[in-house]
1. In which sequence would Leu73, Leu96 go, from the one with the fewest C-beta neighbours within 10 Å to the one with the most?
2. First select every other residue whose beta carbon is under 13 angstrom from the beta carbon of Gly125; then total the charges, Lys and Arg +1, Asp and Glu -1.
3. Gap in Å between the Cα centre of region 142-165 and the Cα centre of region 119-134?
4. Could you state the number of Å between the C-alpha centres of region 203-227 and region 230-249?
5. Going by how many other Cβ atoms sit within 10 Å of their own, how do Lys183, Lys243, Lys263 line up, fewest first?
6. Among bridges DSSP assigns within the chain, what percent are antiparallel (round to 5)?
7. Students often get this wrong, so try it: which of [x] 19.6, 59; [y] 18.8, 57; [z] 18.3, 54 is Rg and Dmax of the Cα atoms in Å as calculated from the structure shown?
8. Quick check on the exposure proxy: order Asp221, Asp44 from fewest to most C-beta atoms within 10 angstrom.
Amino acid sequence: MKVVAVTGATGTIGRAVVRALLDRGDDVIALSRDPGRAVSVLGDDVEAVAWKDPKTEPAPPEAFREADAVIHLLGEPVSQRWSESAKQEIRDSRVLGTRNLVETLNATGARLQTLVSQSATGWYGARGAEALDESASAGDDFLAEVVRDWEAEAQRADEQSGLRVVCMRTGVVLSPDGGALEKMLPFFKAGIGGPVAGGRQYVPWIHLDDVVSAFLFALDDEGLEGPVNVTAPRPATNRQLSKALGKVLGRPAFAPVPGFAVKALYGQMGSIVTSGARVVPKKLEEAGYEFRHRDLDEALQAAVR
């Protein structure tokens, strides 16, 4: 049994991670701007500690005094129209939030051993069909710069305090309760879904079940550290994803969506839909992680069931 502190615990991934930790017998401490809401969402088995403003104040030390590990999931959603203020919030919530977390972790006692920090495949930028493992260099667009700075803040917990730090570069999460799939479902159910901007760009997909299992795997495997790609072993193109989703829903999926329409709807954020990266989970597979959902059709069936 471990005592695990979790930030971002009430988000889509956070709720699932907390439930998995509790199911296996771990104790969970959730850091939240609103502890009362956190308990109502996560249940009475969770201890909630207030962290009112992660961007401007260090994390509360009392949340970590008994903790063996931290799972850090805090961050403003990327899937929104990118105004200048939204881009600043996306960056600051990750970079400053992680900086203020690590400031407290560096002052915490010897019991704390591990930080598993959320990251993103946005690290790689738009890279076409090139297979990208964890050794690939960072891209040069907005998201790549955010992820680079985000990971650098997390790594300070290793450099300054010797914690084992794992940065989980999570791909496009298949879950009907949040993220890209939730936004796609209404169009595909109406029979007006289809490939975007030609559909040749790769989508580094991953089922929510595997995201959760991979986080717990990283928590437990003491040999795993540094960046880890959290994506399915068989990346798919946007066209393949569209075809598979239409098949699962029993609806046509041939209506092409031009790239300019996506950019008109989402602005600069549309670039992450019209471009892509073929990310592969080399370190997870080498460490012996067994994926629950390797096949795209089966993963989509499980996600929309």
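1. Leu96, Leu73
2. Within the 13 Å Cβ shell, the charges total 0.
3. Rounded to whole Å, the Cα centres lie 18 Å apart.
4. Taking the Cα centre of region 203-227 as reference, the centre of region 230-249 is 20 Å away.
5. In order of increasing Cβ crowding within 10 Å: Lys183, Lys263, Lys243.
6. Antiparallel bridges make up about 5 percent of those DSSP assigns within the chain.
7. Only one option fits the structure, namely [y].
8. Ascending number of Cβ neighbours within 10 Å: Asp44, Asp221.
Here, each number is a calculation from the coordinates, and none is a lab measurement. Here the structure is a predicted model, which means the values were calculated and not measured. Here Cβ is always computed from backbone atoms with ideal geometry, including for glycine, and neighbour counts include all displayed protein chains.
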